[in-house]
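Written out below as structure tokens is the structure these notes cover.
Taken together, the values in this text are just the output of simple stated rules run on the coordinates, not laboratory data. Bear in mind that the values here come from a model prediction, so they are computed numbers and not experimental data. Heads up, the Cβs are rebuilt from the backbone with ideal geometry, glycines too, and the neighbour counts pull from every protein chain shown.
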Amino acid sequence: MSVQNNDPTLLEITNLLTTKYKCHTVILYGSRARGVATDISDYDIVGIFKRGSKTRITKKKNGAYWDVFLYSERDLKKLSDQQLAWRDARLLFERGNYGRNFTRRLRKHFKKPFEPAPLYEINATKAWSDKQLERIAVGDVHGLYRRAELQQASVADYFQIRRKRFIGPKAGLEWLEKNDPNTFKLFERVYNDPTNLNALKSLVDRVYKT
């Protein structure tokens, strides 16, 4: 079964995966599957074949960014939250019925109750944020690295500390903008002015201490 699509890049990727790599299933996920892509959004694709070695194709072609993962059926026997990005997966091509069964498995998996991190891990994450701020204050190259590390980690840590499922930075920030706009504004302030230590401290207070 091939899903009708007029996007030439999707058609090219699907043709490559089904001929060269012998994929029986091709799935689109991410912003293009959700219909919210921009001109520079990746083409996030999963190709599945009967057996073989897992690999990845990343390149820019004709102005389009490809990010294609290829898996064997064995690789996908067990699903985990690593596949959360596939939650809106759309079937592009299917030979047989593996693809429909797999997308049903995905939906079923993501409906399972979320298992939060244990309390000791959450407490360790909070303590880590204080240590990072002290190292950042030194102002050397290691401090600059820690600052970038903390700015990135704080999105996922917001959800971990509140015992919520983290579904990726993009979706996480979208959730914050809608559901916790005050915290979103703190993130926005930090990312607009990443050298502002006071802004970062305000964000850390909100994410790690409330």
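Computed quantities for the displayed model
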quantity: Sorted by Cβ neighbour density within 10 Å, fewest at the top, the residues PHE159, PHE93; calculated: PHE159, PHE93
quantity: Label-point separation in nm, ALA127 to ASP81, each point 7 Å along Cα→Cβ; calculated: 2.1
quantity: Where a label projected 7 Å from the Cα of ASP7 along Cα→Cβ would reach, residues of the range 77-119 with amide N under 15 Å; calculated: 86-93
quantity: Helix axis angle, 98-110 relative to the chain longest principal axis, alpha carbon, degrees; calculated: 20
quantity: Selection from PHE187, GLN160, GLY99, by position along the positive dipole direction of the range 59-188 (Cβ); calculated: GLY99
quantity: Positive-end residue of LEU10, TYR71, PRO118, charge dipole of the chain with Cβ unit charges; calculated: TYR71
quantity: Global form of the range 43-95, assessed from the alpha-carbon gyration tensor, a/c cut-off 1.5; calculated: prolate
quantity: Net +/- balance of residues flanking LYS22 in space, Cβ distance below 11 Å, scoring K and R +1, D and E -1; calculated: +4
quantity: Nearest 10 degrees, 0 to 90: helix 119-138 Cα axis against the chain principal axis; calculated: 60
quantity: Where labels lie 7 Å past Cα in the beta-carbon direction, separation of LYS201 and THR58 in nm; calculated: 3.6
quantity: Proximal charge balance of ILE48 [Cβ under 11 Å; K/R count +1, D/E count -1]; calculated: +3
quantity: Net charge, LEU79 excluded, C-beta distance under 10 Å - Lys, Arg +1, Asp, Glu -1; calculated: +4
quantity: Cα gyration tensor shape of the chain, rounded if a/c is under 1.5, else prolate or oblate by comparing a/b with b/c; calculated: prolate
quantity: Shape of the range 119-209, Cα gyration tensor, a/c cut at 1.5; calculated: oblate
quantity: Extension gain from LYS22 to THR38, taking 0.36 nm per residue of separation minus the Cα-Cα distance; calculated: 2.8 nm
quantity: 0 to 90° range, to nearest 10: angle between helix 169-179 axis and the chain longest Cα axis; calculated: 60
quantity: Stretchable slack from SER72 to LYS112, in nm (0.36 nm times residue separation minus alpha-carbon distance); calculated: 12.0 nm
